[in-house]
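In what follows, a single structure is set out as structure tokens and then discussed.
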Amino acid sequence: MRVNGYQKFMSHISVCFAVYQNQGSLTPLYERMIYQLKTYFPQHTYELLFVNDGSKDDSLAELLALRAIDSSVKIISFSRNFGQMAAILAGWENATGDCVINMAADLQDPPEQCTLMLKEWEQGNDIVISYRVSHATSASSKLTSKVFYKLMLPDAPPGGFDFALLDRKPMDAINSLKSIIVFINTIFCGRVSR
């Protein structure tokens with residue numbers, strides 16, 4: 001709950017992860033994320049929402065083991081690989097938090113950065129973006145991300161970003177545009193997000 005733009009009371013935080021072939025990184029990611037949330041934000045509740053994008057390794061088994069020990073772990077599992085954008089959108093659509101953090105499941109995005117992002121949110125910022133100066137992605141992924149972010153968030157960093165926190169209000173606005181996002185994804189990527 002916000003009072004005069006500042007986070008004053010207990011809130012619910014959603015952290016969403018697009019998972020594809022991330023076996024072995026998921027447990028350390030979970031442990032580091034839980035440490036950050038419990039240590040720096042004990043006044044808030046949270047959920048960790050993992051979207052398994054058709055991984056063929058044992059990512060899903062690792063996630064199921066985490067959920068068995070922690071009810072804050074939520075899992076969406078696709079029957080096949082639909083792509084990172086579909087996984088991100090599924091996470092956003094199913095997140096129940098007052099704010100939603102989207103980050104990579106491969107530990108390229110440090111969970112410790114979430115602490116800084118959440119502190120910015122508590123100070124009244126509705127959108128907090130954290131991005132890498134450079135990262136290894138394919139040319140088609142870079143182009144798709146560039147087009148998406150240019151259309152949806154024109155003031156985003158020039159290289160785009162995958163690591164962001166959105167307050168519930170902008171998250172709901174983005175979720176309301178899902179049909180437009182599917183259309184853009186179909187045109188530029190040649191596939192439909194489901």
**OP:** Report the full-extension gain for the segment Thr115 to Ala68: residue separation times 0.36 nm, less the Cα-Cα distance, to one decimal in nm.
**Re:** 14.4 nm
Subject >> Under the Karplus curve 6.51 cos²θ - 1.76 cosθ + 1.60, θ = phi - 60°, whole-Hz ³J(HN,Hα) for the stretch 70-78, x wherever Gly or Pro sits >> reply: 8, 6, 6, 7, 10, 10, 10, 10, 7
Original post:
Roughly how many whole Å is it from the C-alpha centroid of the stretch 56-78 to that of the stretch 83-99?
Top reply: 16
**OP:** Could I have the simple spin-label model distance between Gln43 and Asn125, label points 7 Å from Cα toward Cβ, reported in nm to one decimal?
**Re:** 1.9
**OP:** Quick one: which residues, 5+ away or cross-chain, put their amide H under 5 Å from the amide H of Ile76? H built at 1.01 Å from N.
**Re:** Phe50, Val51, Asn52
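None of the figures in this text is laboratory data; all of them are computed from the coordinates on show. Just so it is clear, the structure is predicted and the values come from calculations on it, not from any experiment. So basically every Cβ, Gly included, is an ideal-geometry build from the backbone, and we count neighbours across all protein chains shown.
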